[in-house]
Amino acid sequence: MSNAQATVLTRPEATRDRQNSATYDWATAQRKTYGVMLQPLNSMESVKQSDQVITTRQVFFPPDAAVTEYDRVEIGNTTYEVDGQPEPQQGAGPLAALSYLAVVLKKVTG
């Protein structure tokens, strides 16, 4: 299963800033690359208060991929946030080879 490479950035441990808010240093995140299948879902533009574009994609990872709703995913030169919980899809019997982990990704610009 592969038409692209996706690198999962596992969310690092939180640190606290001067206002005691949790912050994450994504430069220190653990990284693991998988062969994946990509499917575009949606792209929309909002110009009410600012010019903003929201792009979503669905990515099909191998069933044993380590991806959580707190992680980020890099595809090419673009970094996405995982949107919601990854959903494992399990095949049974001879169709077990068709198992995968469905992950929705979101990128907001503007």
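The values are calculated or read from the model by the stated rules, or taken from the named source; none is laboratory data. Given the structure is predicted, the values throughout are model-derived calculations rather than measurements. Note that we place each Cβ from the backbone using ideal geometry, even for glycine, and neighbour counts take in every protein chain shown. Ligands, DNA and RNA are excluded from the accessible area calculation, which covers all protein heavy atoms including side chains. Shrake-Rupley method; radii C 1.70, N 1.55, O 1.52, S 1.80 Å.
The residue of the stretch 90-110 that is farthest from the chain's Cα centre (by Cα), among those that are within 30 Å of residue 51 (Cβ to Cβ) and aliphatic (A, V, I, L, M), is 108.
Hey, does the stretch 91-104 have a residue that's in contact with a Lys or Arg (Cβ under 8 Å, 6 or more places away or on another chain) and open to solvent by 40 Å² or more (accessible area, probe 1.4 Å)? Yes, the stretch 91-104 has at least one match.
Per the listing 87, 69, 45, 81, the residue uniquely under 13 Å from the mean Cα position of the chain (by Cα) and either touching a residue at least 40 places away in the same chain (Cβ under 8 Å) or within 22 Å of residue 110 (Cα to Cα) (or both) is 81.
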